[in-house]
1. Every residue in region 133-152 that is more than 27 Å from Ile14 (Cβ to Cβ) and of a type in the set (S, T, N, Q), please.
2. Being of a type in the set (Val, Ile, Thr) and either surrounded by fewer than 13 Cβ atoms within 10 Å (Cβ to Cβ) or touching a Leu at 6+ places or on another chain (Cβ under 9 Å) (or both) is the filter here, so list the residues in region 143-170 that pass it.
3. Out of all the residues in region 33-52, is one or more open to solvent by 80 Å² or more (accessible area, probe 1.4 Å), modelled with pLDDT of 95 or more and touching a Phe, Trp or Tyr at 6+ places or on another chain (Cβ under 8 Å)?
4. Cβ contacts < 9 Å: first residue under 23 Å from Leu34 (Cα atoms), restricted to region 58-70; second residue surrounded by fewer than 11 Cβ atoms within 10 Å (Cβ to Cβ) and of a type outside the set (Gly, Ala, Ser), any location; separation 6+ or different chain. Result?
5. Can you tell me which residues in region 74-103 are modelled with pLDDT under 90 and of a type in the set (D, E, K, R)?
6. Scan (1) within 20 Å of the chain's Cα centre (by Cα); (2) hydroxyl-bearing (Ser, Thr, Tyr); (3) open to solvent by 70 Å² or more (accessible area, probe 1.4 Å) for the single condition Tyr18 breaks and write down its number.
7. Taking the residues in region 21-32 that are hydrophobic (A, V, I, L, M, F, W, C) and in a loop (DSSP other than H, G, I, E, B) as candidates, determine which candidate is surrounded by the fewest Cβ atoms within 10 Å (Cβ to Cβ).
8. Report, by residue number, each residue of region 85-117 that is open to solvent by 50 Å² or more (accessible area, probe 1.4 Å), in contact with a strand residue (DSSP E or B) (Cβ under 8 Å, 6 or more places away or on another chain) and hydroxyl-bearing (Ser, Thr, Tyr).
Amino acid sequence: GEYTYGEGDTVLTIDYDYEVMKYEVTNAQYAEFLIEAYETEEVWISGSNVIGFYTGDEYYDPGNYELYNMTGPNDNYNYGIINWNGTTFIVTEGYGDHPVVYVSWFGAWKFAEHYGLRLPTEHEWEKAARGNTGYNYPWGDDIDGSRANYVESGDPWDDGTTPVGFYNGQ
């Protein structure tokens, strides 16, 4: 169907069906992927990075790319991090249901490929996120702390990530 695209609210059409995950991938889900992929040697560890092979496309050559950075943030916010303890991948306690951060595009691609999925195109993502309202956000043109997770939004986890599902459209 139709949707509005870009700053100029150009009306475009996607003439096929597709699905997008309802919620972000959690730290626990991404850690489970890393465990499975590590066991099958799809990914490996180099320093503080998880590395994996990308098959290549028109923009990137085939090769090994960083999928996930285990060093965490260099700021004052609280994010859960997935670390390697020498045996397995573990998530910072209390952050299993928070969205995974510090995943590269290659890491998102590898997660999707591992589970037989694919990443949405730019147009699919814009249609799913914005619809055909013409607004900047699904609810209007102004950011709203009761509907979106951002710095100083006023939610109980204002100093970092918010558990997946907290912003549930209610």
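1. Hit for region 133-152 is Ser146, nothing else.
2. Applying the first criterion (of a type in the set (Val, Ile, Thr)) to region 143-170 yields 143, 151, 161-162, 164.
Answer for region 143-170, where residues must be of a type in the set (Val, Ile, Thr) and either surrounded by fewer than 13 Cβ atoms within 10 Å (Cβ to Cβ) or touching a Leu at 6+ places or on another chain (Cβ under 9 Å) (or both): Ile143, Val151.
3. First, the residues of region 33-52 that are open to solvent by 80 Å² or more (accessible area, probe 1.4 Å): 38-41, 44.
Filter once more, keeping what is modelled with pLDDT of 95 or more: 38-41, 44.
Now narrow it down to the ones that are touching a Phe, Trp or Tyr at 6+ places or on another chain (Cβ under 8 Å): 38, 44.
Checked region 33-52: at least one residue is open to solvent by 80 Å² or more (accessible area, probe 1.4 Å), modelled with pLDDT of 95 or more and touching a Phe, Trp or Tyr at 6+ places or on another chain (Cβ under 8 Å).
4. So the pair list comes out as Pro62/Thr55.
5. Passing the criteria: only Asp75.
6. Only one criterion in (1) within 20 Å of the chain's Cα centre (by Cα); (2) hydroxyl-bearing (Ser, Thr, Tyr); (3) open to solvent by 70 Å² or more (accessible area, probe 1.4 Å) is unmet by Tyr18, namely (3).
7. Keep residues of region 21-32 that are hydrophobic (A, V, I, L, M, F, W, C), which gives 21, 25, 28, 31.
Still in the list and also in a loop (DSSP other than H, G, I, E, B): 21, 25.
Details: Met21: 10, Val25: 17.
The residue in question is Met21.
8. Listed by number, the residues that qualify are Thr92, Tyr102.
The values are calculated or read from the model by the stated rules, or taken from the named source; none is laboratory data. Please read all numbers here as calculations on a predicted model, not as lab measurements. Every residue, glycine as well, gets a Cβ built from its backbone with ideal geometry; the counts of neighbours run over all protein chains shown. Areas reflect the complete protein model, heavy atoms only, side chains present, ligands, DNA and RNA absent. Shrake-Rupley method; radii C 1.70, N 1.55, O 1.52, S 1.80 Å.
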